[in-house]
Each structure stands twice: as C-alpha cells, then as structure tokens.
1. Translational D (Stokes-Einstein, µm²/s) of segment 62-108 at 20 °C and 1.002 mPa s when Rh comes from the Kirkwood sum over C-alpha pairs?
2. Going by Cα centres, segment 68-105 and segment 1-35 are how many Å apart?
3. Go ahead and estimate [θ] at 222 nm for the chain from helices alone: -39,500 (n - 2.57) per DSSP H run with n ≥ 4, summed, over the residue count, rounded to 500.
4. Considering the chain as a Gaussian network with a 10 Å cut-off on Cα pairs, which listed residue, 34, 48, 174, attains the greatest mean-square fluctuation?
5. Under 37 °C and 0.692 mPa s, how fast does segment 3-182 diffuse according to Stokes-Einstein, given a Kirkwood radius computed over C-alpha pairs? Answer in µm²/s, whole number.
6. Please give the length that would be gained between residue 185 and residue 23 if that part of the chain were fully extended, namely 0.36 nm times their separation in residues minus their C-alpha to C-alpha distance (nm, one decimal).
7. Please state, rounded to one decimal and in Å, the Kirkwood hydrodynamic radius that segment 85-158 gives when every pair of distinct Cα atoms enters the mean of 1/r.
C-alpha cells in the first residue's frame, strides 16, 4: 500500500492534492479533519478548529500520536475497492508523520504565500465559522498551530514540516502546472 501524508499551511492546497490523487490516480483520499468533525458532530458540538484540536489531542493521548493515521488506514482497509494508494490529509502532529514513515509512506509539505492562502480560504466560502476571520487573525492562528504548547499531543505543524520528505510551493494560479509538479515529485 502506497501512503502519502499531506501536510502544510491552511489554504495551501492539501485537500486539492488529495482530491487530485483520488480522481486522476485512483487513490483513496481520507481527510482526518473530516474524521474529527464527524465525531464532534456526533457529540453535539460545533465542528470548529477549537474542538477538532481538543479531540485530536485527546485521541493522541489515549491511543498514541499516530492515531489519526491509524484511523485513515482502517478506513482504507474497510473499503471494498482496489486503490492505487492512500492519501491522508491533514497531518498536524509530528507523530502522524512518524506513523506514515513507519508504514513505509512519505510526507509532503505544501505551502504558499500567506496572502494567497488567506484569499483562497476566503474565496472558497466553505461556510465554516473558522474561515471567517481577518488576515491578521489568520496569521495569528497559524502561528499557534505551528508550535505545540509543550504537550506532545497538541498541534505542531512545524514538527511535521521538519519530518516532511517532499516540499512544494503552490503560489500560482495554474493548478494544472502545480499538479504536474506534484506528479513529478511523487514519481507518478
């Protein structure tokens, strides 16, 4: 089983990469953020970043730092279909990168200019309350997500970036050019 852990900054294109691999290359795309949101909704809580961060830290403390990767692999194995690989987004803890590597996979880090990413998030208009913020709030939130609080179960995107195998910039507006760069980087 090919595994790709997808990480990067908000609005850089993580879900777009997962969707592209699913549509063009026959991979299963699993969003661990969706797994978290589904569980939070079951608990009757708003599926915002605050609650997803709390739940993910709780699960990491209870079941290990790679628990979200394990849940994505379980979803892959439960599928009654052949896939070319498993693309998992969005890694936000270094233990998740470690689990991808332990399973023989690679981790990709996607980034873009902060202003471009902010404009993408706003333009996407996904209806999420988390996406309704000023540019300054966007940057502040990102800084909070980059370094963990001293509790290894919390977010540390900087720690994931340090463990990434592949780095891509997604600053342009030619998505097909970006996808070609992705395919080249992954050897597809």
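1. 192 µm²/s
2. First find each Cα centre; the distance between them is then 10 Å.
3. Value at 222 nm, helices only: -16500 deg cm²/dmol.
4. 174
5. Values: Rh = 16.6 Å.
My calculation gives 198 µm²/s for D.
6. 56.5 nm
7. Numbers: mean 1/r = 0.0710 Å⁻¹.
In segment 85-158 this quantity evaluates to 14.1 Å.
A short reminder: the numbers here are calculations on the coordinates, not readings from a lab. Remember, it's a predicted structure, so these values are computed and weren't measured experimentally.
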